[in-house]
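Asks: My questions all concern the structure below.
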Amino acid sequence: MQRRTFLRTGFAAGLAFAVPASPPRKFKLSYAPHFGMFREHAGEDLIAQLRFMAEQGFTAFEDNGMRGRPVEVQERIGSELARLGMRLGVFVAHEIDWREPTLTSGDAAPRQKFLDEIRGSIEVARRVHAKWMTVVPGHVHPRLEPSYQTAHVIETLRRAAEILEPHGLVMVLEPLNTLRDHPGMFLTRIPQAFLICKAVGSPSCKILFDVYHQQITEGNLMPNLDAAWDEIAYIQVGDNPGRKEPTTGEINYRNVFRHLHRKGYTGIVGMEHGNSRPGRAGEQAVIDAYIAVDSFDGTG
């Protein structure tokens, strides 16, 4: 396949990768790697990593830590994404407290801090052409009834949605598993997130369905996708156990992805997992895994 060579641009001189005139493959879904996933092939330079992703046929990428990157780095990433024709998936919109109750408490200080961070994330989204940002309501409150906590979270998210709606941005609520990775977190189940989104009642408040977390918490993956479909705006994946690439665990991702495709999902599938093996061979194994699970029959 012939490749077009571009001038060397980016954060450092001597970027090693040319962007192909057309990708070597076309995935049926928009899978999104993250920085570091292909550093053995592409090096440490972030622009080089984006170019390698595009060279492999990926049309999106995600970066949880985008909000914390220097403004000039955000702008360069946004410019390169536009040039490559890639979409940015989620970044984390606020500082998550993994130990103390914040939004569940109903207290004014953590609510105001959260809303200020949401406002700040609007500028981040503008620089990198993002639409979605992850929100985690935080830790459970040990001395409040769950219904009071839910009401506090809904009220805060309504205020955040009012901030985001004029900009066409969407915060996606991520239920997290408490059995393996995040003990004590408030939002854990898809039906719980569905209830909250319905109560908020805004196009700027939707669900991030992380298949890895939900396999641990509740299973029943495709029926839960169907039941909450109207409120789901974003998908993330990782196999279980281990949180590595598809085909390394128990989840039948070929069937899950076929289900998403047949439902007409055109959003991003964030590859929020590690590599099961080190080095270049491990990175190639990730690419090969997505080729394998994307090989489902694409007809209706």
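Asks: Which of (1) over 23 Å from residue 225 (Cα atoms); (2) assigned to a loop (DSSP other than H, G, I, E, B); (3) of a type outside the set (Lys, Arg); (4) free of Cβ contacts under 8 Å to residues at least 12 places away in the same chain is the odd one out, the single condition residue 264 does not satisfy?
Replies: Every condition holds for residue 264 apart from (1).
Asks: Scan segment 264-278 for residues that are at negative phi and small (Gly, Ala, Ser) and jot them down.
Replies: Answer for segment 264-278, where residues must be at negative phi and small (Gly, Ala, Ser): 267, 270, 274, 276.
Asks: Against the condition within 30 Å of residue 243 (Cβ to Cβ), crowded, with 24+ Cβ neighbours inside 10 Å and in contact (Cβ under 8 Å) with a residue 12 or more places away in the chain, how does residue 194 come out, does it pass?
Replies: Against the criterion (within 30 Å of residue 243 (Cβ to Cβ), crowded, with 24+ Cβ neighbours inside 10 Å and in contact (Cβ under 8 Å) with a residue 12 or more places away in the chain), residue 194 does not qualify.
Asks: Let me ask something additional. For segment 277-291, which positions are crowded, with 18+ Cβ neighbours inside 10 Å and in contact with a helix residue (DSSP H, G or I) (Cβ under 7 Å, 6 or more places away or on another chain)?
Replies: Residue satisfying the conditions is 283 alone.
Asks: Oh, and also: Report the residue count in segment 49-90 for those that are among the hydroxyl-bearing types (Ser, Thr, Tyr) and closer than 22 Å to residue 273 by Cβ.
Replies: The qualifying residues number 1.
Asks: Looking at 248, 266, 299, which is the one that is surrounded by fewer than 23 Cβ atoms within 10 Å (Cβ to Cβ), hydroxyl-bearing (Ser, Thr, Tyr) and modelled with pLDDT under 95?
Replies: 299
Asks: Being crowded, with 18+ Cβ neighbours inside 10 Å, of a type in the set (Phe, Trp, Tyr) and more than 20 Å from residue 151 (Cα to Cα), is that true of even one residue in segment 95-116?
Replies: Looking through segment 95-116, none of the residues is crowded, with 18+ Cβ neighbours inside 10 Å, of a type in the set (Phe, Trp, Tyr) and more than 20 Å from residue 151 (Cα to Cα).
Asks: So, in segment 159-173, how many residues would count as being in a helix (DSSP H, G or I) and either among the polar types (S, T, N, Q) or over 16 Å from residue 94 (Cα atoms) (or both)?
Replies: Within segment 159-173, residues that are in a helix (DSSP H, G or I) and either among the polar types (S, T, N, Q) or over 16 Å from residue 94 (Cα atoms) (or both) number 4.
Asks: Take residue 294 and tell me if it is buried (at least 20 other Cβ atoms within 10 Å of the Cβ), touching a residue at least 12 places away in the same chain (Cβ under 8 Å) and under 27 Å from residue 85 (Cα atoms).
Replies: For residue 294, the condition - buried (at least 20 other Cβ atoms within 10 Å of the Cβ), touching a residue at least 12 places away in the same chain (Cβ under 8 Å) and under 27 Å from residue 85 (Cα atoms) - is met.
Asks: Please go through segment 79-107 and pick out each residue that is β-branched (Val, Ile, Thr) and under 21 Å from the mean Cα position of the chain (by Cα).
Replies: Across segment 79-107, the qualifying residues are 90, 92, 96.
Conditions tested, residue by residue: (1) touching an Asp or Glu at 6+ places or on another chain (Cβ under 7 Å); (2) under 23 Å from residue 218 (Cβ atoms).
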{"residue": "79", "(1), (2)": "no, no"}
{"residue": "82", "(1), (2)": "no, no"}
{"residue": "102", "(1), (2)": "no, no"}
{"residue": "106", "(1), (2)": "no, no"}
{"residue": "119", "(1), (2)": "no, no"}
{"residue": "122", "(1), (2)": "no, no"}
{"residue": "129", "(1), (2)": "no, no"}
{"residue": "145", "(1), (2)": "no, yes"}
{"residue": "174", "(1), (2)": "yes, yes"}
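Asks: Still on this model: List the number of the failed condition for residue 277; all other conditions in (1) without any contact (Cβ under 8 Å) to a residue 12 or more places away in the chain; (2) not in a loop (DSSP other than H, G, I, E, B) hold.
Replies: Result: residue 277 fails condition (2) only.
Asks: Within segment 174-223, track down each residue that is part of a strand (DSSP E or B) and of a type in the set (A, V, I, L, M).
Replies: Residues satisfying the conditions are 185, 207, 208.
The values are calculated or read from the model by the stated rules, or taken from the named source; none is laboratory data. Worth saying up front: this structure is predicted, and the values here are computed from it rather than measured. Here the Cβ is made from the backbone with ideal geometry for all residues, glycine too, and neighbour counts use every protein chain on show.
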